[in-house]
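Notes to accompany the following structure.
The values are calculated or read from the model by the stated rules, or taken from the named source; none is laboratory data. Model, not experiment: these values are computed from the prediction. Neighbour counts are summed over all protein chains in view; Cβ atoms, including those assigned to glycine, are modelled from backbone coordinates with ideal geometry. All accessible areas refer to the heavy atoms of the entire protein, side chains included, with ligands and DNA or RNA removed. Shrake-Rupley method; radii C 1.70, N 1.55, O 1.52, S 1.80 Å.
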Amino acid sequence: MVFSNNLLMGAASAGGYKIAQSCRFNDNDSPELSRTYTLSAPWTFSAWVKRGELTSENLILGASAGEIHFNANDTLEAETTSSTAVFRDPSAWYHIHVSNGGLYVNGVSHGAVTTTTLTNTKLFDDFDGYAAEVHLQTGTSAYTNFGETNDDGVWVPKSATAGDTYLKFADSANFGVNSGTGGAWTASGLATNDQVTDSPTNNFCTWNYLDKGPTALTLSNGNLGVSTGSGSRQAAKGTIGVSSGKWYWEMTKGAVQSGSVGVGSQETALVADGYVGNSATSWGYLTDGNKANNSTTAAYGATFTTSDVIGVALDMDAGSITFYKNNTSQGVAYTGLSGTVFPMEYTAASVENITDFGQLGYTYTPPTGFLALNTSNLPEL
């Protein structure tokens, strides 16, 4: 089992402390958390984030050019201190810690910081991605109070004492519930389905911002939504590849335009009009009901269109793939799959398709023995 880019997985292999959920922020919805308050310096901020988009300023604490944000060059800036390192792994959970003790990411120092007084400063204003375990408190608290290195050498979360603000995102009807000593935050631009089980201690597959396109593919809603511009036909791959085990995910079709869903290898090229199944290393189910591999299509199952839910049951132990339309099996599409394959999707629609690798809860019950595509279900290396 591999992540498609590198092993900066945040806490994909966690210690004893578990985080059950996170909040998904989609910048097109103008999300934010706001509150009327003043927090005098020095202060400490700690949070786990998983990026949804790259090469764009993403605000974490403060307004544009404010206290903590990712820059458009993918460096991280806190109180005018900018890292030289870039953070470009959309499959990774990053632990960000800022205090007068410095700027730290996953327990590694990225420069000195001097905090200044915060007044009504917002959290995750138009941020794109996921956030979990958010702390904001007075005083200077060490980064080691919020995380630690586990036996595998991975930086993982640990339980920390709450200060002024501690957001766990446990209430999907009110993301601003504060388990700290300060007042509640007001959430806007968020919906109940923005509470997801993707977390720093159970990292789920999403569509890969670094393996999409090649031109006009748009990812949205925590990189679970896929759409294109008018007339454009593009594809994306998932962030987790598998070589064994039984796996299940669902894609809900957003519009009538053509598309396909299935799997492909790391080597499968994402070319314009490159539907899933147009190469020898990809296998797909098309909207016209055909199946495809190596640019050869054959009659397979029912057609599918707007609002249909397509389930993918990938059995890498048997080397087979079966597709479901609205919970009805279309039969085994292909056998003989081997090596490491990744989820793939192809679309020509400007209305997004939404894929659920398990973090949204599924529309239908997976076939017996098939698992969600997340790190908790992967075998230990």
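All of THR206, THR239, THR215 fail the test of being within 23 Å of GLU53 (Cβ to Cβ), open to solvent by 40 Å² or more (accessible area, probe 1.4 Å) and in contact with a Ser or Thr (Cβ under 8 Å, 6 or more places away or on another chain), apart from THR215.
Considering the range 53-68, the residues that are crowded, with 22+ Cβ neighbours inside 10 Å and over 17 Å from LEU39 (Cα atoms) include one that is nearest to the chain's Cα centre (by Cα), namely ASN58. Scanning the range 2-44 for residues that are part of a helix (DSSP H, G or I) and either open to solvent by 70 Å² or more (accessible area, probe 1.4 Å) or on the phi > 0 side of the Ramachandran plot (or both), we see that the one that is modelled with the lowest pLDDT is ASN28. For PHE304, the criteria (1) part of a loop (DSSP other than H, G, I, E, B); (2) open to solvent by 40 Å² or more (accessible area, probe 1.4 Å) hold in every case but one, which is (2). In the range 363-381, the count of residues that are touching a residue at least 24 places away in the same chain (Cβ under 8 Å), among the aromatic types (Phe, Trp, Tyr) and not in a strand (DSSP E or B) is one or more. Right, THR287: modelled with pLDDT under 95 and either in contact with a His (Cβ under 6 Å, 6 or more places away or on another chain) or surrounded by 17 or more Cβ atoms within 10 Å (Cβ to Cβ) (or both) or not? It is false that THR287 is modelled with pLDDT under 95 and either in contact with a His (Cβ under 6 Å, 6 or more places away or on another chain) or surrounded by 17 or more Cβ atoms within 10 Å (Cβ to Cβ) (or both). Just a yes or no: is a residue in the range 211-229 assigned to a strand (DSSP E or B), over 14 Å from the mean Cα position of the chain (by Cα) and of a type in the set (A, V, I, L, M, F, W, C)? Yes: one or more hits. Residues in the range 242-254 that are in contact with a strand residue (DSSP E or B) (Cβ under 8 Å, 6 or more places away or on another chain) and either of a type in the set (Asp, Glu) or open to solvent by 10 Å² or more (accessible area, probe 1.4 Å) (or both): SER243, GLY245, LYS246, GLU250, THR252, GLY254. The sole residue among ALA92, ALA85, ALA47 that is over 19 Å from SER22 (Cβ atoms), at pLDDT 95 or above and small (Gly, Ala, Ser) is ALA85. Whenever a residue of the range 162-189 is at positive phi and in contact (Cβ under 8 Å) with a residue 24 or more places away in the chain, it has no partner that is open to solvent by 40 Å² or more (accessible area, probe 1.4 Å) and among the basic types (Lys, Arg) lying with C-beta atoms less than 7 angstrom away and at least six residues away or across chains. Apart from one condition, PHE342 fits all of (1) in contact with a Lys or Arg (Cβ under 6 Å, 6 or more places away or on another chain); (2) farther than 25 Å from ASN203 by Cβ; the exception is (2).
Please determine, by comparing only the residues of the range 333-349 that are among the small types (Gly, Ala, Ser) and modelled with pLDDT of 95 or more, which one is most open to solvent (accessible area, probe 1.4 Å).
To start, the set of residues in the range 333-349 that are among the small types (Gly, Ala, Ser) comprises 333, 336, 338-339, 348-349.
Filter once more, so that each one left must be modelled with pLDDT of 95 or more: 333, 336, 338-339.
Numbers: ALA333: 6, GLY336: 67, SER338: 87, GLY339: 45 Å².
Applying the filter and picking the extreme gives SER338.
Within the range 95-112, the residues that satisfy the criterion of being surrounded by fewer than 21 Cβ atoms within 10 Å (Cβ to Cβ) and either farther than 13 Å from SER46 by Cβ or modelled with pLDDT under 95 (or both) are ASN100, VAL108, SER109, GLY111, ALA112.
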